[in-house]
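These notes concern the structure reproduced below.
The values are calculated or read from the model by the stated rules, or taken from the named source; none is laboratory data. Keep in mind the model is a prediction, meaning the values are calculated, not measured. A quick note on method: Cβ atoms are made from the backbone with ideal geometry, for glycine too, and the neighbour counts reach across all protein chains shown.
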Amino acid sequence: MRPHPAALRLRSILDRLASALATVNIDTLLACEAELAAALADLGGGRLADEPSREATVRELAAARSALTRCRRLGATIGDLTRMSMAARGDSPAYGRQGETRPTTRVHSLEAKV
Amino acid sequence: MSGLFSALTSATRALEAQRFGLELTGQNIANVNTPGYARREVVLASVPPNDLFSAGNGVDVEAVRAARDRMLERRLQMERPAEQRDAAIADTLSVVDAAIGRPGQSIDALLDAFFDSASRLSEDPTSTPARYETIRAGQSLASAFRDMAGRMDTEQHAIDTQIQGAVDEINDLAGRFASLNSRIGAATDGSTIELQLRDEQSTVLDRLSQLVDVDTVARSGGGVDLTIGGGHPLVIGASAIRLEATSTPPDGLLALACNGQTITSDIAGGRLGGFLQVRDVFIPGYLDRLDALAYQVATEVNALHADGYDAAGNAGGAFFVAPAAVAGAAASLALDPDLEADPQLLAAAGVPAAGDNQTARAIAGLRDMRVMNGGQSTLSEAWAQFAYRVGSDTQAARHEQLSRADIVKQVAALADAVSGVSLDEEAMMMLRFQRAYEANAQFFRAVDESIDTLLQMIGS
């Protein structure tokens, strides 16, 4: 009756990831990276269980796919906002492998009240 | 003495500035849950010395600033109307969905009952009770079509009530916004009063953007102009332009006008946009399908009935009143009044001989005939497709709303996170967040493929 454990785990991580994106929780977002990699590795192995668990697994995978779509959509918004934010500051969103940003040009008018 | 006096003045000024800063902190804490309140920041500036031989005159409050991020606020203004539009669509469509009825308990059941009665008539074509039963089943079916079309019409008018409510609220909010524009224009630039007025304006704008897609244009004098529906002015400075909702023939539904110009079809966002879309796009689409089904039922049954013979051996007349056109067929579907009055006029026979049942059998056989959608579906299947369409539209709107609500929540959280930090910190924070997302996103393709593989393995 239980779904495949890896599918269950994948769905749980993707739900958490989407929630972290929605609430702008960077710590959870960073923690999810390793967990997602591990869950992905799990999906490759493991034997599928008997007939009743198949239905539950399909449901779980459908929910995981839905969470993935949610993540992609929220991620696209973040990318969009970052690009807009950087463009408004007269800078491109380019950054190096170590995470360093290029010096930004401050646009003081943006600090002003609406 | 003047040096000592100057030092004392300088110290007093510094104390005043710090006291003001503390007051502002208290104000920020007190308003932590106030809608529209933006955190205040005090901007301190050193007071220059009077001459070359003085160290300076301490510190003074230069300005108070509200920590707002214009870009994020604008993004919220863009997302909110879409979210509220989808919410309004889902809310109103769920009422239509409920009106359609459950599978097997609506028009589909009455279609079955009608064909069952024709089948029973074919077993005993001379039976008067069987004739009565077929006529009653036909009456029930016609009545169900009329009721369903009536419910759609009622729902369109119920939506109009909500449209009127939204228009009233928009006018009220536009009036308040214009008044705030006027007061902001009169307030001293950068004063706490001005900031308070802007907070209020932000709350009004937030509510407005839930009702309609609204665009803002900053005025040079400090106010903000508002336009709706892709450029129709709603507020210009201190003047609000009234949005009018007037009933229009032939159906009496409300049309929206601004400045004498009809703008109904230009309103696409907010709850108002959602209401209009359901009223003017979704429900008419459903009515078209319902009309097509009712028209086909009437014309197919009538054609078979007219080819048959009644109990007296006369050629059959109409079973249903022949619909004049597809449009409006459901609302006007009715049994032929002559047949209703005399069941012996029911043509069950295919030849003018008592006891023949060919026409009754042909009418019962319509159940399995693919007469809808260009020969693709039976009448019952066409109904099922119609009911499924309404259900899936409702679900899609709800899903879209939840998805947009997520984005609104995200942008609001981001606005909270960056509010009050410097632009550099804000940019850094957004970049870090984006990088953290991208670290996860690198696995998304693999996750997608793995889900596909697993589903194939399971054989679903």
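Mind checking whether some residue in the stretch B:107-124 is within 14 Å of chain A (Cβ to nearest Cβ), at pLDDT 90 or above and assigned to a helix (DSSP H, G or I)? Among the residues of the stretch B:107-124, not one is within 14 Å of chain A (Cβ to nearest Cβ), at pLDDT 90 or above and assigned to a helix (DSSP H, G or I), which makes the answer no.
Taking the criterion of being more than 7 Å from chain A (Cβ to nearest Cβ) and modelled with pLDDT of 85 or more, would at least one residue in the stretch B:419-442 satisfy it? Within the stretch B:419-442, one or more residues are more than 7 Å from chain A (Cβ to nearest Cβ) and modelled with pLDDT of 85 or more. Taken together, the criteria exclude B:GLY355 from residues that are surrounded by fewer than 17 Cβ atoms within 10 Å (Cβ to Cβ), of a type outside the set (S, T, N, Q), touching a residue at least 12 places away in the same chain (Cβ under 8 Å) and not in a loop (DSSP other than H, G, I, E, B).
For first residues located in the stretch B:292-315 and touching a residue at least 12 places away in the same chain (Cβ under 8 Å) and of a type in the set (Val, Ile, Thr), partners that are in a strand (DSSP E or B) and buried (at least 19 other Cβ atoms within 10 Å of the Cβ) and lie 6+ apart or on another chain with Cβ distances below 8 Å form the pairs B:VAL297/B:PHE320; B:VAL301/B:PHE320. The set of residues from the stretch B:337-352 being without any contact (Cβ under 8 Å) to a residue 40 or more places away in the chain and crowded, with 21+ Cβ neighbours inside 10 Å comprises just one member, B:LEU345. Of the residues making up the stretch A:31-44, those that are hydrophobic (A, V, I, L, M, F, W, C) and either more than 7 Å from every other protein chain (Cβ to nearest Cβ) or surrounded by 17 or more Cβ atoms within 10 Å (Cβ to Cβ) (or both) are A:ALA31, A:CYS32, A:ALA34, A:LEU36, A:ALA38, A:ALA39, A:LEU40, A:ALA41, A:LEU43. Considering only the stretch B:66-81, I want to know if a residue exists there that is surrounded by 18 or more Cβ atoms within 10 Å (Cβ to Cβ), of a type outside the set (D, E, K, R) and either over 30 Å from B:ALA187 (Cα atoms) or modelled with pLDDT of 90 or more (or both). Yes, the stretch B:66-81 has at least one match. Scanning the stretch B:195-239 for residues that are hydrophobic (A, V, I, L, M, F, W, C), closer than 25 Å to B:ILE163 by Cα, more than 20 Å from the chain's Cα centre (by Cα) and within 14 Å of another protein chain (Cβ to nearest Cβ) gives B:VAL204, B:LEU226.
Could you tell me whether any residue of the stretch B:399-410 is assigned to a loop (DSSP other than H, G, I, E, B), buried (at least 16 other Cβ atoms within 10 Å of the Cβ) and more than 7 Å from chain A (Cβ to nearest Cβ)? No.
Identify the residue in the stretch B:292-318 that is assigned to a loop (DSSP other than H, G, I, E, B) and in contact with a strand residue (DSSP E or B) (Cβ under 7 Å, 6 or more places away or on another chain) and, among all such residues, is nearest to B:ASP368 (Cα to Cα). Taking the candidates together, the pick is B:GLY308. Restrict the check to the stretch B:183-194 and report whether at least one residue is within 14 Å of chain A (Cβ to nearest Cβ), of a type in the set (A, V, I, L, M, F, W, C), in contact (Cβ under 8 Å) with a residue 40 or more places away in the chain and buried (at least 16 other Cβ atoms within 10 Å of the Cβ). Looking for residues that are within 14 Å of chain A (Cβ to nearest Cβ), of a type in the set (A, V, I, L, M, F, W, C), in contact (Cβ under 8 Å) with a residue 40 or more places away in the chain and buried (at least 16 other Cβ atoms within 10 Å of the Cβ), one finds none in the stretch B:183-194, hence no. Considering each residue of the stretch B:223-237, count those that are crowded, with 18+ Cβ neighbours inside 10 Å and in a loop (DSSP other than H, G, I, E, B), and give that number. Matching residues across the stretch B:223-237 total 2. Kindly establish whether B:ALA334 is at pLDDT 95 or above and in contact with an Asp or Glu (Cβ under 7 Å, 6 or more places away or on another chain). No; evaluated as a whole, the condition is false for this residue. Among the candidates A:THR77, A:THR57, the residue that is in contact with a His (Cβ under 7 Å, 6 or more places away or on another chain), at pLDDT 55 or above and assigned to a helix (DSSP H, G or I) is uniquely A:THR57.
What number of residues within the stretch B:248-268 satisfy the criterion of being in contact with a strand residue (DSSP E or B) (Cβ under 8 Å, 6 or more places away or on another chain) and in contact (Cβ under 8 Å) with a residue 40 or more places away in the chain? Residues that pass the stated criteria total 4. For the stretch B:258-301, residues that are closer than 24 Å to B:ASP206 by Cα, more than 10 Å from the chain's Cα centre (by Cα) and surrounded by fewer than 22 Cβ atoms within 10 Å (Cβ to Cβ) total 6. Among the residues of the stretch B:332-342, how many are in a helix (DSSP H, G or I) and out of contact with any Phe, Trp or Tyr (no Cβ under 8 Å at 6 or more places or on another chain)? Summing the residues that are in a helix (DSSP H, G or I) and out of contact with any Phe, Trp or Tyr (no Cβ under 8 Å at 6 or more places or on another chain) in the stretch B:332-342 gives 5.
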